[in-house]
1. What is the distance in Å between the Cα centroid of segment A:400-439 and that of segment A:156-195?
2. Where does chain A land at 222 nm, in deg cm²/dmol rounded to the nearest 500, when only DSSP H runs of n ≥ 4 count, each adding -39500 (n - 2.57), divided by all residues?
3. From the Cα gyration tensor of the protein assembly as shown, with a ≥ b ≥ c the square roots of its eigenvalues, which class applies: rounded if a/c is under 1.5, or else prolate if a/b is larger than b/c, or else oblate?
4. Computed on alpha carbon atoms, what radius of gyration and Dmax characterise segment A:128-205, expressed in Å?
5. For A:129, A:268, A:383, what's the fewest-to-most ordering of other Cβ within 10 Å of each Cβ?
6. Kindly provide log₁₀ I(q)/I(0) values, in the same order as q = 0.18 Å⁻¹, from the Debye equation applied to equal alpha-carbon scatterers of chain B.
7. Expressed in nm to one decimal, what extension gain is obtained for the pair residue A:499 and residue A:34 from 0.36 nm per residue of sequence separation less their Cα-Cα distance?
8. Would you calculate the separation in nanometres between label points at residue A:315 and residue A:440, each defined as 7 Å from the Cα along the Cα-to-beta-carbon direction?
């Protein structure tokens, strides 16, 4: 965990006081709704379908057990006893009262948390790999760089009113688990010839209405220049990003309209003036931030615990959970564990206050009091001894957090959708549940193998449907809720955007359509090791489409029948 | 009347802001008094404006006008103002930093347009030192905005040395 120093704490406290004043003025009628809106958004507060929604930042997904207990307390005291973990590693509360929000923020500040810049047209919470610092394939630990970016972006005076929201993601591993190719800025931490840290810089990626994979504008940015280069990118965007049309206001449109080459030139022209200025980072600052992170005191253990391997051999249920929800760790004898928030019947990413408290206890007993929120909306205990895995599994099962479905079809990523969100065209949660019920059989799920299924209730794409192997998008068809299905999207190193298979479907048709897609895959795969996404890439969309909508000759038959009936 | 705040205090405003008339024609420049003119007027009528004998000359920029366009003629002005058509249009923050940090403007830098209490802190950090505050706001309350935060991480006009370098100096 990064531990605040006196100044970090003071700034968060001052923010609470500032927002208290803004809310007081709003409630007293001194601040109009239009003028209050951008201010409350920069504190994570939306006005939603039924009540305000408060989005709390979990910077780069890192959370202590004490903080998780505070989140549980907030859920109990000011909400309806639960919270929703989002695809941006944040937590959202759906039922707070507007007048209570300053008090909630004060409670968050007491555990070094906040809701600063979790919404609005500003630099948002920086996201990262949920295995940051522990992944065996890690090249650079991204956490300290994320914290540097958090500090730099917090109350940045020049960039509080950008053309549109701005999201930065950082990965430091060989496998990208932070979706850096679909962020406004994606940073891939790498090492130079002499082991020095630098960043490959991508810009202009994004989902939403115009999904685009980001472009590399700098192959190796030496670490001292990280913040000045970010300043240069943001300044070009702030000055020249479109403000006439909110759908064209993201940086991806500017990069596209200028061309990445021209955008890069403009950034470089700006950067020349900034790069050796006072904002250039120093080794002293990097080590100061590094030293403020607490690190687990690992024991010296064997690479493979005998107890663990025996339990795997003994219990099939445990082995199946371990196969999906236990992940390798860079320290011998340790593992990371995903606690699935994707149990059938529970909205994806939701956790009750009691579950949060219980997970905090698990983190204390099994994982050095620390955990992560993944952008796949699950919780991760990052530092568990292999010899404890069996005991942890038994406890997680009792809490309903041991569904062995990580990477499988029922690990659905979904936004809150039309049940809560006022932007949504359609509901997400019932669709997720219907699909989970259809594929509830674990053997079948395991047979289907790795598959990312993502649901967004509207084009804002909070459920990242563009990068789901199967993506489901809620659309509005003359006032009715319909769902457009795409396949072939992917996150990670080989990120790609899904292709729409055809006309959209009514809600109750969706599980059948998904089933048909799966049937097509199972029929065409050359072996169990060929994943759904591999088959889509090999054979294209057409066979899937034909199985879903009917083969051309069947369609002709249908047409004839309809003509005959007419 | 909008209220002028200058150096974090209420102040009298002697400046008349000239704008294009509704039909797009040039505004008439009064013979006397301090006038704040739009960029296009300056570019068209610089000689005439400079030949006025009474009254000072100021210039205001639209939110999309590049400050480089006046970088060579800063000496001609007593005030430079930047317009915020809506307070959510944040281009003026970059304009201000460029004027101060790149082009070396040392004189009064004024924020005009839709200026509210809750922008004052960021505006002042970016180099504005005067603000034409919207009508109907509690001016005394607005003045407290300059103290919303007692510290800041980044480099900026009011504090060019970022927090981390100041910490290092303290530690040394």
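1. Centre-to-centre distance over Cα atoms comes out at 27 Å.
2. On the way: 19 runs with 217 residues, N = 566.
About -11500 deg cm²/dmol.
3. Details: a/c = 2.00, a/b = 1.58, b/c = 1.27.
It is prolate, given that a/c is not under 1.5 and a/b is the larger ratio.
4. Rg, Dmax (Cα atoms, Å): 13.1, 40.
5. Numbers: A:129 31, A:268 15, A:383 24.
If I rank by nearby Cβ atoms, fewest first, I get A:268, A:383, A:129.
6. -1.18
7. Numbers: separation 465, 0.36 × 465 = 167.40 nm, distance 3.82 nm.
Taking residue A:499 through residue A:34 to full extension adds about 163.6 nm, to one decimal.
8. Here the modelled spin labels are 2.3 nm apart.
Laboratory data are not the source of any read-out in this text; all were calculated from the coordinates shown. Keep in mind that what you see is a predicted model, and the values were worked out from it rather than measured. Because the Cβ atoms are built from the backbone with ideal geometry, glycine has one as well, and the counts that use them run over all protein chains shown.
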